[in-house]
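Data first, discussion second: the structure below is written as structure tokens.
No lab work stands behind these numbers, since they all come straight from the coordinates. A quick note: this is a predicted structure, and the numbers were derived from the prediction, not measured. Backbone-built Cβ (ideal geometry, glycine too); neighbour counts: all protein chains shown.
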Amino acid sequence: MYCLALRKVAGWIGDRIILFLLLNIYIFYYPLNSRFPHFLFLIRMYIKQIIEGIIGILECLIPRYEEEQSKKKTKI
């Protein structure tokens, strides 16, 4: 899934820019990781939580269909 998305973005932006960004992240990974352990994972989780929060808000704004309950009580 990530590979397909990366391929689509590479078609729009260009392979060299994506390669440049990936190499910069790789080169600067060690100094950043020594100050902020697991920073790539934390950044990914922050972005994921923001997207899930936006989707949750949108789900709350969309009304759901609720079936009317019958007012008759069954006698046992």
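Rounded to the nearest 500 deg cm²/dmol, what is the calculated helix-only ellipticity per residue at 222 nm for the chain, with -39500 (n - 2.57) per DSSP H run of length n ≥ 4?
For the chain, the value works out to -23000 deg cm²/dmol.
Please report the net charge: other residues with Cβ closer than 14 Å to the Cβ of Leu58, K and R +1, D and E -1.
-1
Please give the contour-minus-distance gain from Ile13 to Ile55: 0.36 nm per residue of separation, less the Cα-Cα distance, rounded to one decimal in nm.
So the chain would gain 12.4 nm between Ile13 and Ile55.
Could you give the length gained on full extension between Glu68 and Leu21, defined as 0.36 nm per residue of separation minus the Cα-Cα distance, in nm?
So the chain would gain 11.4 nm between Glu68 and Leu21.
Can you match Cα extents along the principal axes in Å to one of these, (1) 43, 29, 19; (2) 50, 34, 26; (3) 74, 34, 23, based on a calculation from the structure here?
Calculated Cα extents along the principal axes in Å: the matching label is (3).
If you stretched the chain out fully between Tyr30 and Leu4, how much longer would it get, using 0.36 nm times the residue separation minus the C-alpha to C-alpha distance?
Stretched fully, the Tyr30-Leu4 segment lengthens by 6.6 nm.
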